[in-house]
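The values are calculated or read from the model by the stated rules, or taken from the named source; none is laboratory data. Values in this document were obtained by computation on a predicted structure and should not be read as measured data. Note that we place each Cβ from the backbone using ideal geometry, even for glycine, and neighbour counts take in every protein chain shown. For accessibility, only protein heavy atoms count, side chains too; no ligands or nucleic acids. Shrake-Rupley method; radii C 1.70, N 1.55, O 1.52, S 1.80 Å.
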Amino acid sequence: VTEYDKTGYVRERTGAILPNVAPSNVYETSDSMVLIAANQDTVFGRLVEAMGRSELARDARYVSHGARGAHQRELDELIEAWTRTLTTQQVLALMDQFGVPAGQIYRAPEVLADPHFQQREAIRDIAHPDFGTLKMQNVAPKLSETPGCIRSPSPQLGEHNDEIYRHLLELSVDRY
């Protein structure tokens, strides 16, 4: 979040597949990404029904867990060709309707825009001596009676040397 806040750089995912377990991957939508986990036979049947492609559940390449694993790449491409035609919310609504495990992938922009994160104050603005205000994760979990707080960003290199060496360890000026 801090990196996105200051530079606009969105750190992208580095991988989500489980080799030979398909489909279970992150798929691009028209506006973001979703994770769909439909590798079990009956769940896969519900996924392809949601896609309007029920015949895929009977296709020899996808009829079983092993077959889908052997054709993982082409299956992922087929699913993503479909998910790219829909928004994230449309895909999630269909997955919910058809009982297919799925979830939205949150990157920094989605985290910062999420009303729940905002309401919970999950991201806080913290003053930083070099960068001005930084957005960073708040204390988690946030407890009602002892919610905790962030008092400062990470210290600069050597920022507390005097406090530690001279005062806490009581080193002389010469030794320090």
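Couple of notes before you dig in:
- Residue that is most open to solvent (accessible area, probe 1.4 Å) [pool: residues in segment 156-166 that are modelled with pLDDT of 90 or more and in a loop (DSSP other than H, G, I, E, B)]: LEU157
- Test: TYR62 is assigned to a loop (DSSP other than H, G, I, E, B), under 16 Å from LEU78 (Cβ atoms) and aromatic (Phe, Trp, Tyr): yes
- Pairs where the first residue, in segment 67-92, is under 17 Å from LEU18 (Cβ atoms) and the second is hydroxyl-bearing (Ser, Thr, Tyr), C-beta under 8 Å, 6+ apart: ARG68/TYR62; HIS71/TYR62; LEU75/TYR62; ASP76/TYR27; ILE79/TYR27; GLU80/TYR27
- In segment 24-50, the residues that are open to solvent by less than 60 Å² (accessible area, probe 1.4 Å) and free of Cβ contacts under 8 Å to residues at least 40 places away in the same chain: SER24, ASN39, PHE44, GLY45, VAL48
- Filter result (open to solvent by 60 Å² or more (accessible area, probe 1.4 Å), of a type outside the set (D, E, K, R) and either farther than 20 Å from VAL43 by Cβ or touching a Lys or Arg at 6+ places or on another chain (Cβ under 9 Å) (or both)) within segment 83-97: THR85, GLN89
- GLY132 meets all of the listed conditions (1) at pLDDT 95 or above; (2) over 21 Å from the mean Cα position of the chain (by Cα) but one, namely (1).
- Condition met for GLN104 (at pLDDT 90 or above and open to solvent by 70 Å² or more (accessible area, probe 1.4 Å)): no
- Of all residues in segment 129-148 being part of a loop (DSSP other than H, G, I, E, B), touching a residue at least 12 places away in the same chain (Cβ under 8 Å) and among the hydrophobic types (A, V, I, L, M, F, W, C), the one that is most open to solvent (accessible area, probe 1.4 Å): PHE131
- Filter result (of a type outside the set (A, V, I, L, M), in a helix (DSSP H, G or I) and under 21 Å from HIS71 (Cα atoms)) within segment 1-51: ASP41, THR42, PHE44, GLY45, ARG46, GLU49
- Flag if VAL10 is touching an Asp or Glu at 6+ places or on another chain (Cβ under 9 Å), on the phi < 0 side of the Ramachandran plot, at pLDDT below 95 and β-branched (Val, Ile, Thr): yes
- The residue pairs whose first member lies in segment 153-176 and is closer than 26 Å to GLN137 by Cβ, whose second member is of a type in the set (Val, Ile, Thr), and whose beta carbons are closer than 8 Å, counting only pairs six or more residues apart or on different chains, are PRO153/ILE126.
- Scanning segment 103-122 for residues that are hydrophobic (A, V, I, L, M, F, W, C), assigned to a helix (DSSP H, G or I) and under 17 Å from THR87 (Cβ atoms) yields one hit, ALA113.
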